[in-house]
Amino acid sequence: MATEAWQQALKESLIDPEQLLGWYDFDPQPLKAVAARYPMRITPYYLGLIQAVDDPIWRQCVPDLRELSDDGLADPLGEENLSPVPAVIHRYPDRVIFLASGSCASYCRFCTRKRKVGCKSMSISFRELREGIDYIAATPQIKDVILSGGDPLLLPDSVLGDLLARIHAIPHVEIIRIGSRVPVTLPERITEKLCALLERFAPLYLNTHFNHPRELTPQAAEACARLIGSGVPLGNQTVLLKGVNDEPQTMIALLRGLLRMRVRPYYLHQMDLACGTAHFRTPVATGLEIVRALRGPVSGLASPHYVIDLPGGKGKVPLQPEYVKRRGEVLEIRTSDGELVLYPDCRG
Ligand SMILES: *Cc1c(COP(=O)(O)O)cnc(C)c1O
Ligand code: SF4
């Protein structure tokens, strides 16, 4: 089969820190050991978004020595204990994560699954895909299947189409979701052909992963518009990253820009405790500060849920600044201007 433009772009991606030397002046030698432990891949398109060494795009995709000195948790979300079969994570009764692919267009240095993505141990076999489908088919409480990975959109159209068709054919599955960073790092993957394929499996939602306003390019906007044109509603999950998007003004620019592209901000994730990612972690107070900065000045439509995924498979918990306090029969609710309002709460 002919190589498509996006597959060619993947082949031309940078996988060794030394390859950055043609563009940027820095010492790649110490970073080779980092890339040997946690793979590097940067698409030509995403490389083009870097403007300077250590800028917010660079930090997301170029290996950093600090990755090696951090001994966090290998499996911070306890996912491996929640896997009835290798490709499925089943934590909530009605929905599962289906690990459909072991690789990504670009490897994010802050990834929660960085111990696995891009490595041999993460490559997912056809047998594992089949076992995953069989598990879902045999478990009637599953109504929502979230394709994740790795990045499911790195699968060739034929494999992806076959997988979607099999999941779509399971009578109790009501919706399918895809989690993909491809609109951010490899927008040329969002071809007309792919969109026509996805359209056949409605209702199908796609959550993408923009972290910085500079990622909101005309190419990314076109990719999103093509998906929306094919009836795929778009959401966005952002990870709160130190030195990338932990300033309220940066976050507000990102969220507003997403809405202009018709992408609905869904979650703002507190960084989890994955090994090799500590240099990206902010205190929870920073996230609460941002949530506070959004309330009032920014439309509710642009405001994601700020969530923390607790270690050990305990699940996501929404985090909110203390707005509400009970005082006998009434609630004290603090407005975004800092005013205390007494609200006669109903007694249920
Ligand atoms: C986040 C998550 C989901 C999806 O949760 P929603 O809140 O419905 O988006 C499903 N399974 C696992 C294991 C998750 O971590
Ligand atoms: S695209 Fe997602 S799964 Fe892949 S490296 Fe980035 S955060 Fe991890």
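The values are calculated or read from the model by the stated rules, or taken from the named source; none is laboratory data. All values reported here derive from a predicted model rather than from experimental measurement. Reconstructed Cβ throughout: ideal geometry from the backbone, glycine too, with neighbour counts over all protein chains shown. Note: accessible area is taken over every heavy atom of the protein model, side chains too, but ligands, DNA and RNA are not part of it. Shrake-Rupley method; radii C 1.70, N 1.55, O 1.52, S 1.80 Å.
Odds and ends about this structure:
- Counting 0.36 nm for each residue step from Glu329 to Val284 and taking away their Cα separation leaves a gain of 13.1 nm.
- Using the Cβ-Cβ distance between Val317 and Arg37 with R0 set to 45 Å, the FRET efficiency works out to roughly 0.90.
- Within the full protein context, the accessible area of Ser299 is estimated at about 60 Å² for a probe radius of 1.4 Å.
- Sorting Asp162, Asp71 on solvent-accessible area from highest to lowest, probe radius 1.4 Å, gives Asp71, Asp162.
- Rolling a 1.4 Å probe across all protein chains gives Arg166 an accessible area of roughly 120 Å².
- Mean-position separation - Cα centroids, the stretch 201-219 and the stretch 68-143, in angstrom: 21
- Virtual paramagnetic centre 7 Å along Cα→Cβ of Ile170, amide N under 19 Å, in the stretch 116-140: 124-140
- Length gained on full extension, Glu199 to Leu65, computed as 0.36 nm times the residue gap minus the Cα-Cα distance: 44.0 nm.
- Measuring how big the stretch 65-322 is from its alpha-carbon positions, Rg and Dmax come out at 17.8, 50 Å.
- Across Lys193/Lys316; Lys116/Lys316; Lys120/Lys314; Lys242/Lys316; Lys193/Lys242; Lys120/Lys242, pairs whose alpha-carbon gap is larger than 32 Å: Lys193/Lys316; Lys193/Lys242
- Prolate/oblate/rounded call for the stretch 242-296, Cα gyration tensor, a/c under 1.5 rounded: prolate
- Equivalent ellipsoid of the stretch 171-251: semi-axes from √(5λ) of the C-alpha gyration tensor, largest first, are 26, 15, 9 Å.
- Potential lengthening of the chain between Gln7 and Phe126 amounts to 40.8 nm, from the contour at 0.36 nm per residue minus the alpha-carbon distance.
- Scattering curve values for the stretch 1-85, log₁₀ I(q)/I(0), Debye with Cα scatterers, q = 0.17 Å⁻¹: -0.81
- Accessible surface comparison of Ser123, Ser230, Ser103, probe 1.4 Å, protein chains only, largest first: the order is Ser123, Ser103, Ser230.
- Share antiparallel - DSSP beta bridges, the stretch 190-289, percent rounded to 5: 0
- Share, in percent, of DSSP beta bridges within the chain that are antiparallel, nearest 5: 40
- The C-alpha atoms of the stretch 13-61 occupy a region whose extents along the principal axes are 25, 19, 18 Å, arranged from largest to smallest.
- Listed residues Met122, Pro344, Gly276: farthest to the positive end of the dipole of the chain (Cβ charges): Pro344
- Solvent-accessible area of Lys242 with every protein chain in place, 1.4 Å probe, in Å² to the nearest 10: 100
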